[in-house]
Amino acid sequence: MGRLIAVVLFIAVLVPGVLLARAWGLAAGRRAIAGVAVEMVEPTAQGMETLHRQAQHGRRIRRLGFLLGVAGVIGSVVMFAEASVFLWAPALAVGLLLGVLLAEATRPRPRWKVAVPTRRPRRGEQISVLLLWTMRAGAVAEVVTAATLWSSGDLDPPVARAALAVPVLAWLLAELALLRVLIRPLPAEGADVPVDEALRTWTAHLAVAAASVLTLLPLGTLLLVAGIDLGDRISAGVDLRPVALVAGGFSALASGLAVAGFLLTWLRPVRFSARALAG
């Protein structure tokens, strides 16, 4: 009976990861619609210049993120010598994702004329509120898990500090990017409205996706470590805590990898090719 309960619990804990992947699939559809809307109009000269500047800015800051990742690899070599070989990929990935977040949080303001009276979109028009609060809940869960393991002595101080600093920094950068696209006024020219909407949608989804990856993957790793360690300590009786922790770890890892898959296909900037008008 205990094994049956454990199996049911394991499956139940995996369900949120499946639902989250489904929600990100719907988000991909929203982005696609925003991109098609840009193709259906002819932006003004200011709109075209904005698209060009935004694309250049994104590429420039993401290169900085790559350099941050390389610096992280070099720092791990200095600190851990040959044992750092297992940290190279995570350090590079963290640098690249932080570059994505920095690019979205520091986007230059469009130079087009704003609408009078000032109008601003609602949050739900940019990204699903479910994805937004999932990112926030993941950041809180990761911080609580890392702090708990650190206080119990199951995490070394350098690892614990990194596990706390990276998700918090990612969350703050994502919130800054979301705040900036929320308070920015709408453009005055109707032809630039779809461009503005697409830029906001791109930023919201990239920021939330990057921050989600930087919280879900560490959270999954920490939960797996905690579950396996707790399972080794239990010698008798039925305890479902290791099962729940391991299942939660697998769910968080699978969700983080699914979001990363979407993120890799979303790095192209908003484009205007006039294909719809030419056809």
Inset, instruction - Name the residue, out of Gly72, Gly153, Gly35, whose mean-square fluctuation peaks in a Gaussian network model built on the chain with Cα pairs under 10 Å. - result: Gly153
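Measure off, as a whole percent, the carbon and sulfur share of the 1.4 Å-probe accessible area of the chain, all protein chains present.
Heavy-atom surface of the chain belonging to carbon and sulfur, 1.4 Å probe: 71 percent.
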Inset, instruction - Over the chain, calculate the relative contact order: mean separation of alpha carbon pairs under 8 Å at least 6 apart, over the residue count, as a percent. - result: 30 percent
Inset, instruction - Based on the mean of other Cβ atoms within 10 Å per residue, sort peptides 243-253, 187-197 so the most packed one is first. - result: 243-253, 187-197
Inset, instruction - Under 1.5 on a/c is rounded, so check that first for the range 45-201, then, if it is not, pick prolate when a/b is larger than b/c and oblate when it is not; a ≥ b ≥ c are the square roots of the alpha carbon gyration tensor eigenvalues. - result: oblate
Inset, instruction - Assign one of three labels to the range 83-168, namely rounded, prolate or oblate, based on the Cα gyration tensor with a ≥ b ≥ c the square roots of its eigenvalues; rounded applies when a/c is under 1.5, prolate when it is not and a/b is larger than b/c, and oblate otherwise. - result: prolate
Inset, instruction - Using only alpha carbons, build the gyration tensor for the range 118-207 and give me the equivalent ellipsoid semi-axes, biggest first, whole Å. - result: 37, 11, 8
Legend entry - Along principal axes, Cα extents of the range 133-180, largest first, whole Å: 39, 18, 9
Legend entry - Ratio of the Cα radius of gyration of the chain to 2.2 N^0.38 Å, where N counts its residues: 1.15
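The values are calculated or read from the model by the stated rules, or taken from the named source; none is laboratory data. Quantities reported herein were computed from a predicted structural model and do not represent experimental measurements. Backbone-built Cβ (ideal geometry, glycine too); neighbour counts: all protein chains shown. Surface accessibility is based on the protein's heavy atoms, side chains included, excluding ligands, DNA and RNA. Shrake-Rupley method; radii C 1.70, N 1.55, O 1.52, S 1.80 Å.
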